[in-house]
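Notes follow once the structure below has been shown.
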Amino acid sequence: RKLQLTQGTAMSLQQIPRVAGLSREEFYTNYVEQNRPVVLEDAASDWPAISKWTSEYLARSGGDQVVQLWSIDPRKPPAHSYLRAESTLREYIARLPDAARGDPYLAELPLKKLFPDLLADVGPIRYSRSHPSSLSIMLSSRSVAALHYHPHLEAISHQIAGTRHFILFPPTETSRLDPGPVMSPL
């Protein structure tokens, strides 16, 4: 989707603070209740997944599982999310090193349902009120997601490997945006 700004207004880019060592109460008081984004540098630092979740490990753990892959084409406004393909996890992981921008990716799959053995690799969730059994998994390389929101869930992303770039808009800009929920047919 596109950002619709009225003439003469502009938004400036701001760095998001990076912190470690917060209590859950400090996180909710200083960030969640204030509608302020934050990078929590230690949110998953002691999870076994950090050292165990390699491509080889994931392929061994759930390689025969058939997964649905989503694709978004940002060149076709508004960008649409649609089911693009199915693959075994092993085949999908093997293709990741050669992935191109916009290739189908694995997103929003319930970890408990599809990969219950991987739950043992998830440690305590320090900053969320969610239980590990409610986590979803995303595996991708060079994927693109449309502007969206998570209407009933906390949007906390635990990055296990690689990098991920987010563009966040403050609540004050809501009236200028036209987002849809993360799994909206649009």
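The values are calculated or read from the model by the stated rules, or taken from the named source; none is laboratory data. Please read all numbers here as calculations on a predicted model, not as lab measurements. Glycine gets a Cβ as well: all are built from the backbone with ideal geometry, and neighbour counts include every protein chain shown. Note: areas computed on protein heavy atoms with side chains; ligands, DNA, RNA excluded. Shrake-Rupley method; radii C 1.70, N 1.55, O 1.52, S 1.80 Å.
Observations
- Every pair of residues 6+ apart whose Cβ atoms lie under 8 Å, when the first sits in segment 90-103 and is acidic (D, E) while the second is buried (at least 16 other Cβ atoms within 10 Å of the Cβ): D103/S71; D103/S143
- If you filter segment 59-98 down to residues that are of a type in the set (D, E) and modelled with pLDDT of 65 or more, you find that the one that is farthest from L111 (Cα to Cα) is D98.
Residues checked against (1) under 20 Å from G63 (Cα atoms); (2) of a type in the set (K, R); (3) under 15 Å from the mean Cα position of the chain (by Cα); (4) open to solvent by less than 20 Å² (accessible area, probe 1.4 Å):
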| site | (1), (2), (3), (4) |
| --- | --- |
| R101 | no, yes, no, no |
| L106 | yes, no, yes, yes |
| K112 | yes, yes, no, no |
| P116 | yes, no, no, no |
| G123 | no, no, no, yes |
| S128 | no, no, yes, yes |
| H131 | no, no, no, no |
| L139 | yes, no, yes, no |
| R142 | no, yes, yes, no |
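Here is a yes/no grid of residues against (1) open to solvent by 70 Å² or more (accessible area, probe 1.4 Å); (2) of a type in the set (A, V, I, L, M, F, W, C); (3) part of a helix (DSSP H, G or I); (4) modelled with pLDDT under 75:
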site	(1), (2), (3), (4)
A120	yes, yes, yes, no
L153	yes, yes, no, yes
R164	yes, no, no, no
L168	yes, yes, no, no
T172	yes, no, yes, no
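- Which listed residue, of V38, V19, is open to solvent by less than 50 Å² (accessible area, probe 1.4 Å) and at pLDDT 90 or above: V19
- Restricted to segment 84-98, and to residues there that are small (G, A, S) and more than 11 Å from S71 (Cβ to Cβ), the residue that is least open to solvent (accessible area, probe 1.4 Å) is S87.
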